[in-house]
Structures are given as structure tokens and as C-alpha cells.
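Written below as C-alpha cells is the structure these notes are about.
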């Protein structure tokens, strides 16, 4: 009987009686005797795959635990800028990868990349205070003036938690694997700005990557040419469980639109299936905003191309997504609504407290009503500053009475998000 394949990174469940914990003899840095390091590969939502390592020394009882990301480096880096004004802001969940830098501009304070952690805004402040006060007893003896300055600064950090004045928290991660909780999901968070940016050559070098000059995440200079009707298979790793799998890539000509490259993944280990879309014609001179008035259930079967630079909004449900949400998709209107519902429903960060959980549940129910055709007369808006998204005109070549297509000049902020302003990611307003 063939052995059943299991994902390298698996969810922690009660049914999994074989979590595959690896034990390795390791040198204890505290007493230099031999201890044991245990490695466990698992998945945390929005932190993707992680490697949990735990060290224990029986000789001196020294213990240590670390969490390291096992996910691939994303196509774009990410920067979260959050205004901290209320107790809820202090409780925001934060996923901080080992490459992330944390800044508090009001105190001119910066925490360089360190261990990966799953924490909160308050937890970040507490860890910073603990780190600064480490070895403070010895420092007071050897360098009393420095110790006094550090003690005074930690008081300022602690005072941030009293919220007498708003402060700003910036989490910047060139790998794109960090995350800060949105307290207003499924809508945009008015107190948080998310910026995805192209890494600089030096950042790529620091991450051990080759520099890339492409704008769509696909290096057309080094990639093999793709002919029409030809399927190219590329060895890769599953985005869901990181097991080895094959990516199928094909050039597709969308009628009355343009050519795109569709990359499909089908993992035998975990059953994950997905597709990603890359524009084959590069960035357009103008952005495009497509508004569909859903008046009949047949509108749900319209073909839809959403690139990774596109935002989605449904005004009647007060939904307004960020650029990069859901990635690139070639699907239908029903398919994209299903993706939105499933992503929100499966995200534990959005179902933690009762108020947010009830709001997300109600939103998912409303989306279900649209998918089932029980709720019509709503508008679906695709806003793509790169100009590469598409929605099928079922009346082509005539105008579609239920669809409006607008081309517009990009704003400075949109050019910045697309990496067209040669933005330096270390500078903030």
C-alpha cells in the first residue's frame, strides 16, 4: 500500500497523533554541555509556516524557545504604520518575523530584526523594556550615567501604555511575512496604513536573493518564454504546506482584453489548489476602475481577472479591501466573492473578540446571500492602479449597461504603492 503523503508544515489538531517532532543534540551555550533541541514544523494563520525550536539542557536547566518563519519570501516587502490611541490598539495582534524592524517615531526608538514572535502592540513595548533593562544592575556599577539614561527612557516607553497621547508604531518587513491586526475588518482600518513595496537591491542581497527589475513579480528576463497553448511545469514548493510540488504556467488570451500568464498549483501532499495571475504586458499608463451592478444571478458567472495590485469594494456591505488582498485571481464574480468569504471566515485574528467576531459573521452571511442570488442590486468595484484587471462584458462588442469602466491618472500615493516613485522604504512622513 502506497504511503500517504503528509505536508511538511501541518496544522496542530487533536487528530494528528504523529506531529513529527525532531530531536537534535546541541551544545548548551550556558554551560557548554550537550542539551537537546526539539524542532516542530507547523502553521500559524497569517504567519504562514513556522519552525518552533525548543532547547533544554539537563545539566544546568537552561531553556530557550524560538519561532522562525518557514514561509517563502513574498514578492513585495510590507510596512504597517499604526496609530495607537485606545486600549484596543494596544491589544492588536502582531506577527513579527525575524526580519522585521519595529519603530516608534515619537521616541526615535527602533528595534532591529530579532526573533520571530506572535505578540501584541503592548507585548512589543514590554519586550523592548525588558531588553533595555537587561544587565542594568551591572551597568549601574560600571556606567551609572548610561544606566540612568536607559532607566529614564524605559519610563517613556512604559508611559506609552497609559495612552495620554497617541503614538505611532511601524512594523517594516522586507520579506512581506509580518502582519498587524485590522480592528475594522472587513473594512479598511482608518488608523493603519499598509504599504507594499519593491525591495531595493541591497535588501534582496541581505535576504540572499537576486535583484529583480520586474514590476509584476515575474522576472521576464530570466523566465523561459511562454508560447500560447504551451504549459510549462516548474518545480516549486506548495504555498500552503511548503511540500515540493509543481507549478503549471500557461499564457492565456482573454477575449476583448489582453494576454495574461496563469500559474496553477496542485499539491498532492495537502490537497491545496490555487491559481495566480501575472500580467504579460506590464503596467499600464493609467489605472482602471470597473464597477459592476449585480442585478441578476447570471452576473455571478461573469469572468473576472483580479491582479495582485487590485482593490475590491462592495459599497452596500461597506467592504473596501487593501491592495494585495487575495493576490492575483482569474475566476468569476461568484468565485471572488467565495474567496473573500472563505478568507474572512477562516482567519482567527478576525474572530477573537465578540464585537469583531459578530461583525465578520454578519458580513460573511451577507456575502453568502449575494452568492446564492438572494441579495441583488449591489455593486462590485475592481480598482486597479496598474490597469491590468478585467471584468467580462457579456454584451461585447456593445456597451454593457450594468458595467462602468473608468481609466484614471494614478495619484502619487498609488505610484508609491506600485514602487514607481523610487521610494526609500526607511523614510516615513
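The values are calculated or read from the model by the stated rules, or taken from the named source; none is laboratory data. Given the structure is predicted, the values throughout are model-derived calculations rather than measurements. Ideal geometry is used to build each Cβ from the backbone, glycine not excepted, and the neighbour counts take in all protein chains shown.
Overview of results
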item	result
Any hit, region 394-411, residues being assigned to a loop (DSSP other than H, G, I, E, B), closer than 30 Å to residue 273 by Cα, at pLDDT 90 or above and not assigned by TED's automatic domain parsing to the domain that holds residue 95	yes
Residue list for region 189-203, filter: crowded, with 17+ Cβ neighbours inside 10 Å and either without any contact (Cβ under 8 Å) to a residue 24 or more places away in the chain or assigned to a loop (DSSP other than H, G, I, E, B) (or both)	189, 191, 198, 199, 200
Residue tally, condition in contact with a strand residue (DSSP E or B) (Cβ under 8 Å, 6 or more places away or on another chain) and part of a helix (DSSP H, G or I), over region 108-130	5
The listed residue being assigned by TED's automatic domain parsing to the domain that holds residue 184 and without any contact (Cβ under 8 Å) to a residue 24 or more places away in the chain, out of 166, 113	113
Out of 183, 163, 157, sole residue that is over 19 Å from the mean Cα position of the chain (by Cα) and not in a helix (DSSP H, G or I)	163
Odd one out for residue 83 among (1) under 19 Å from residue 181 (Cα atoms); (2) at pLDDT below 95; (3) not in a loop (DSSP other than H, G, I, E, B)	(2)
Any hit, region 312-325, residues being under 25 Å from residue 176 (Cβ atoms), in a strand (DSSP E or B) and at pLDDT 90 or above	yes
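Here's the yes/no breakdown for (1) on the phi > 0 side of the Ramachandran plot; (2) buried (at least 17 other Cβ atoms within 10 Å of the Cβ); (3) at pLDDT 90 or above:
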{"position": "17", "(1), (2), (3)": "no, no, no"}
{"position": "59", "(1), (2), (3)": "no, no, yes"}
{"position": "73", "(1), (2), (3)": "no, yes, no"}
{"position": "106", "(1), (2), (3)": "no, no, yes"}
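For every residue, the table says whether it meets (1) surrounded by 14 or more Cβ atoms within 10 Å (Cβ to Cβ); (2) part of a strand (DSSP E or B); (3) modelled with pLDDT under 90.
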{"site": "14", "(1), (2), (3)": "no, no, yes"}
{"site": "32", "(1), (2), (3)": "no, no, yes"}
{"site": "37", "(1), (2), (3)": "yes, yes, no"}
{"site": "40", "(1), (2), (3)": "yes, yes, yes"}
{"site": "43", "(1), (2), (3)": "yes, yes, yes"}
{"site": "51", "(1), (2), (3)": "yes, yes, yes"}
{"site": "65", "(1), (2), (3)": "no, yes, yes"}
{"site": "89", "(1), (2), (3)": "yes, no, no"}
{"site": "102", "(1), (2), (3)": "yes, yes, no"}
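Conditions tested, residue by residue: (1) outside the structural domain of residue 42 (by TED's automatic domain parsing); (2) modelled with pLDDT of 80 or more; (3) over 14 Å from residue 329 (Cα atoms).
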position: 225; (1), (2), (3): yes, no, yes
position: 232; (1), (2), (3): yes, yes, yes
position: 238; (1), (2), (3): yes, no, yes
position: 242; (1), (2), (3): yes, no, yes
position: 248; (1), (2), (3): yes, yes, yes
position: 254; (1), (2), (3): yes, no, no
position: 263; (1), (2), (3): yes, yes, no
position: 270; (1), (2), (3): yes, no, yes
